[in-house]
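S.K.: Take a look at the following structure, please.
The values are calculated or read from the model by the stated rules, or taken from the named source; none is laboratory data. What you see is a predicted model, and the numbers here were worked out from it, not measured in a lab. Just so you know, the surface numbers come from the protein's heavy atoms only, side chains and all, with ligands and any DNA or RNA stripped out. Shrake-Rupley method; radii C 1.70, N 1.55, O 1.52, S 1.80 Å.
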Amino acid sequence: MIVRAPGKAFVSGEYAVLHGAPAVVVAVARYAVARLAPGSVDELSPFLAAVVARCPAPPGTIPVVDTSALAAHDGTKLGLGSSAAATVAAAGVIRAAAGVRLDDPAAREQLVALCVDAHR
């Protein structure tokens, strides 16, 4: 099973949002792709560790996320929100593995709350 989450691009308010002002953001057609694989929480980035702390993966597994599509071919970051997309994809694959339907509006609300908390 895989779960993917799109990157994002700011249309307006990229810096203003840091001070509580609104921003206009759009999803882009580049994705973080997550799957579950054998591993240890010690191997996770801080964002993914925060997801697993709030929403444990099945025993003996961790979310593994590929964000290479959110970077240039040479690996240069493009500012498309790879850490946020990775957080969402990781939480999504854990929740889906637990039988949660990700197309359910209530499940999505819970997923958003979990991801905002973990990403902060």
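S.K.: If I require 18 Å or longer along the helix axis, counting alpha carbons, and a Kyte-Doolittle average no lower than 0.0, what helices from the chain are left? Use full DSSP H segments.
M.R.: Membrane-span-like by this rule: 82-97, 105-119.
S.K.: Would you mind working out the accessible area per residue for the chain, using a 1.4 Å probe, and quoting it in Å²?
M.R.: Averaged over the residues of the chain, the accessible area is 60 Å².
S.K.: As a check on your grasp of the helix formula, calculate [θ] at 222 nm for the chain: sum -39500 (n - 2.57) over DSSP H runs of n ≥ 4, divide by the residue count, round to the nearest 500.
M.R.: Calculated from helices alone, the mean residue ellipticity at 222 nm is -10500 deg cm²/dmol.
S.K.: If you roll a 1.4 angstrom probe over the protein chains with everything in place, what fraction of the accessible area of the chain belongs to carbon and sulfur, to the nearest %?
M.R.: 58 percent
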